[in-house]
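The values are calculated or read from the model by the stated rules, or taken from the named source; none is laboratory data. Since the model is a prediction, treat every value here as computed from it, not as a measurement. Cβ placement follows ideal geometry from the backbone for every residue including glycine, while neighbour counts extend to all protein chains displayed.
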Amino acid sequence: MLFLLNDVILNVSSQSAAPPSRVREFQTLDLAFVKKLGAEIFAEEPLLHRVDRPRAERLALLIAAKAPQINAALFVSPGRNCPPDQVTIRFAQVGIEIISDLYMRQKNDSLTTLYADRQVWRRLAA
């Protein structure tokens, strides 16, 4: 499954998930808790999606497990070790055409933050 985390496409699968012994623990979590967890992680490391791919994949998998319609998440932190409540969070459902295009661009090393933003997040002026 392709999942856009900020400006990186992750190819997540159940292999990225927690060991079966911990799956029951995660079943009780709701999306609000996962958002809080993501905010805490990105408050600690704003570039998580670039510097800790396995952790980013686990977060993406948790989000998708709690809300299967979501295949994109944006976590914007003002700086490292900021308070988690300062992290801005957005979720999106991105069409297969767009997410596939982003994935191919990433594979060709031509995916930029600006391009991902214009295609999905639309935060920056055109």
Report task. Taking residue 93 as meeting all but one of (1) surrounded by 17 or more Cβ atoms within 10 Å (Cβ to Cβ); (2) more than 17 Å from residue 32 (Cβ to Cβ); (3) at pLDDT 95 or above, write down the number of the exception. Result -> (1)
Query - Residues of segment 94-124 satisfying the condition of being out of contact with any strand residue (DSSP E or B) (no Cβ under 6 Å at 6 or more places or on another chain) and not in a helix (DSSP H, G or I) - result: 95, 108, 109, 110, 111, 112, 122, 123, 124
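Do you know which residues across segment 63-93 are of a type in the set (Gly, Ala, Ser), out of contact with any Ser or Thr (no Cβ under 9 Å at 6 or more places or on another chain) and not in a helix (DSSP H, G or I)? Write out each step before concluding.
Within segment 63-93, the subset of a type in the set (Gly, Ala, Ser) is 64-65, 67, 72-73, 77, 79, 92.
Next, from what is left, pick out any that are out of contact with any Ser or Thr (no Cβ under 9 Å at 6 or more places or on another chain): 64-65, 67, 72-73, 79, 92.
Passing the criteria: 67, 72, 73, 79, 92.
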